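Let me begin by presenting the structure, written as structure tokens, before commenting on it.
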């Protein structure tokens, strides 16, 4: 057995070409990476942690797995030497270290016993739910999430390309009340379902999911690298649990839709100074503003898909929507409006049906009136007539960068007066279908 007195190189100091070093690491996670579509084996992967808590992913190539699969055990500590250090791969990495260790046939693996408590058992790079949108369909770095389990579906069997796969759908919630759908496949699904049954239906469980793929801003699914941990004894879970207990002991009274709407009022000054940690891309705000200009330097409409409204590129002899496939496009509004109130001015984007409701006619109708190319970059009378009009808009910051768009035009007769606490950032989210109140135009 190895001893703790040997000279070891920290993982943080490893670089390309440093193949003669020795490291002291714990195997935190261990899994076989393969293509689930055809079972092609990529290698035996593991997440290593050293005394400093630094992590690095390591791989045993398929031809060497038989040699090392019994030597490497999850949770144990080893001295590793004669390995190869190379750049991280471009996909399915479990940690953000820029280097990957390759355990080769000549690599020496020696188990270490004794003083090993200084090396953590686990390491995660938890991502906030609100930041998942930046990782959608990007599997270069897999994602770790933490949340309170609020729903567990039954274990099901589904047929996928002539294969039967077990699947379990669950849902977790963060401390801000945001929900995240979790889809698990295969052994991870069956193991999770069994463990949750043992916990009991009324159990309050905090779960960590590691190595997940982000499928949307509100959903993740498992990969061959994924693992789950229930009520793990680590600082992140303990802190989450403590805050959850405080919330459960002091529940916030439910508010009516009208109360939430009243609390969503903001002035332009308040919209421009919002803390982006306090809202997400679905958060809705009310503002009453006057339209003072529409910038048509880049035009006031675009050619887009009739179904999803995405801009369409033109292929030879046909139009094709990247999302919906071949389709004849239509003209949609794209109004870059400048608005103001008593506190300042800002830009608002007004698109498609919302802009059509504002203008009163479709973009197609106005395009059909164009007789000169210059008219594409000058305001039609129907849009210019809106300058000076005042409206109550429901707006949202889709890209979380302070650039707001109009979700709907509100009816002043049905909109509640601002609540006393409206100066503080409180969330008013769209329903799952994105429905919003539609109404008449209010002119100044």
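Here, each number is a calculation from the coordinates, and none is a lab measurement. Please read these numbers as outputs of a predicted model, since none were measured by experiment. So basically every Cβ, Gly included, is an ideal-geometry build from the backbone, and we count neighbours across all protein chains shown.
Observations, loosely collected:
- Label positions at residue 364 and residue 139, each projected 7 Å from the Cα along the C-beta direction, are separated by 4.0 nm.
- Global size of the range 334-403 as Cα Rg and Dmax, reported in angstrom: 13.6, 40
- Degrees separating the helix 186-199 axis from the principal Cα axis of the chain, which is the longest one: 90
- Alpha carbon convex hull of the chain, volume per residue in cubic angstrom: 209
- Per-q log10 I(q)/I(0), the range 199-250, q = 0.13, 0.24, 0.29, 0.32 Å⁻¹ (Debye; single scatterer per alpha-carbon; no solvent): -0.42, -1.01, -1.06, -1.10
- Length gained on full extension, residue 116 to residue 375: 85.8 nm, using 0.36 nm per residue less the C-alpha separation.
- Whole-angstrom gap from the range 244-294 to the range 1-67, using each part's C-alpha centre: 46
- When every Cα-Cα distance of the range 58-98 is counted in 5 angstrom steps from zero, the calculated P(r) takes the values 5, 15, 25, 26, 25, 5 percent.
- By other beta-carbon atoms within 10 Å, ranking 67, 163 with the fewest at the front produces 163, 67.
- Sequence-separation-based contact order of the chain, relative, with Cα cut under 8 Å and 6+ spacing, percent: 11
- Based on C-alpha pairs under 8 angstrom that are at least 6 apart in sequence, the range 129-249 has a relative contact order of 29 percent.
- A convex hull fitted to the Cα coordinates of the range 11-112 yields 94 cubic angstrom per residue.
- Mean-position separation - Cα centroids, the range 321-368 and the range 131-192, in angstrom: 36
- Using a Förster distance of 35 Å, the FRET efficiency for residue 32-residue 323 (Cβ separation, nearest 0.05): 0.55
- Label point distance in nm, residue 232-residue 96, each placed 7 Å from Cα along Cα→Cβ: 1.7
- Normalised by the number of residues in the range 11-112, the mean separation of alpha-carbon contacts (under 8 Å, six or more apart) gives a relative contact order of 32 percent.
- Rounded if a/c under 1.5, otherwise prolate or oblate - the range 210-323, Cα gyration tensor axes: oblate
- Under 15 Å from the residue 151 label point (7 Å along Cα→beta-carbon), backbone N, the range 200-229: 218-220
- When the helices of the chain are scored as -39500 (n - 2.57) per DSSP H run of n ≥ 4 and the total is divided over every residue, the value at 222 nm lands at -3500 deg cm²/dmol.
- Residues in the range 67-101 reached by a label modelled at residue 108 [backbone nitrogen below 20 Å; 7 Å Cα→Cβ]: 67-73, 77-85, 101
- Cα gyration tensor shape of the range 129-249, rounded if a/c is under 1.5, else prolate or oblate by comparing a/b with b/c: oblate
- Here the spin labels are modelled as points 7 Å beyond Cα on the Cα-Cβ line, and at residue 20 and residue 389 they lie 7.8 nm apart.
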